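J.: The structure is given below, and queries will be raised subsequently.
Nothing in this text is a laboratory measurement; each read-out follows from the coordinates by a stated rule. Not measured: the values here are computed from a predicted model. Virtual Cβ from ideal backbone geometry, glycine too; neighbours counted across all protein chains shown.
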Amino acid sequence: MAIRALLEDALSEPSIGRTDRFSWHATPVGIAAVWCSDSSPSTPPFEDALKEGLEVGLDLSREEREFHQVSQGLVLLFHS
């Protein structure tokens with residue numbers, strides 16, 4: 001199954017937390033931060049996600065990072 005399909009399936013499940021700009025989800029491919037702010041960022045806001053992740057108990061500073069655009073919006077993916 002392609003990573004996009006895995007993300008979209010996982011994002012239909014309840015989130016594991018919510019911060020000012022992100023909804024947080026545990027997925028089969030890593031931790032997904034779904035952008036929830038009204039304004040679209042010009043570049044993927046990884047630094048914002050790292051700061052807000054700490055608010056929900058997630059230290060993602062050492063994880064690999066990538067971003068995806070799915071039907072639910074911009075997803076920042078953190079994985080090992």
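J.: Give me, ordered by chain and number, the residues 5 or more places off G17 or on other chains with an amide H under 5 Å from its own placed amide H.
T.: Result for G17 returns W24.
J.: Also, quick follow-up: Across the range 1-45, how large is the tail of the calculated P(r) beyond 12 Å, expressed as a percent of all Cα pairs? Intermediate values should be presented prior to the final figure.
T.: Values: 607 of 990 pairs.
Percentage above 12 Å: 61.
J.: Run through the chain and list the chymotrypsin sites (Phe, Trp or Tyr not before Pro) located in a DSSP loop whose Cβ has at most 15 other Cβ atoms within 10 Å.
T.: In loop regions of the chain (DSSP not H, G, I, E or B), there are no sparsely surrounded chymotrypsin sites (Phe, Trp or Tyr not before Pro).
J.: So what is the calculated 222 nm ellipticity per residue for the chain, using -39500 (n - 2.57) for each DSSP H run with n of 4 or more, over all residues, to the nearest 500 deg cm²/dmol? Kindly include the intermediate steps, with their values, before the conclusion.
T.: Working: 2 runs with 19 residues, N = 80.
My calculation for the chain gives -7000 deg cm²/dmol from helical runs alone.
J.: Under 12 Å from a label point 7 Å along Cα→Cβ of E8: give me every residue in the range 53-80 with its amide N that close.
T.: Within reach of a label on E8: 69-73.
J.: Turning to a different aspect of this structure: Under a no-solvent Debye model with one identical scatterer per Cα of the chain, what's log10 I(q)/I(0) at q = 0.11, 0.17, 0.23 Å⁻¹?
T.: Scattering profile of the chain, log10 relative to I(0): -0.23, -0.57, -1.11.
J.: Same structure again: Return the sequence-ordered ³J(HN,Hα) values of the range 50-56 in whole Hz as given by the Karplus equation 6.51 cos²θ - 1.76 cosθ + 1.60 applied to θ = phi - 60°, using x for Gly and Pro.
T.: Couplings: 4, 5, 6, x, 4, 5, 10 Hz.
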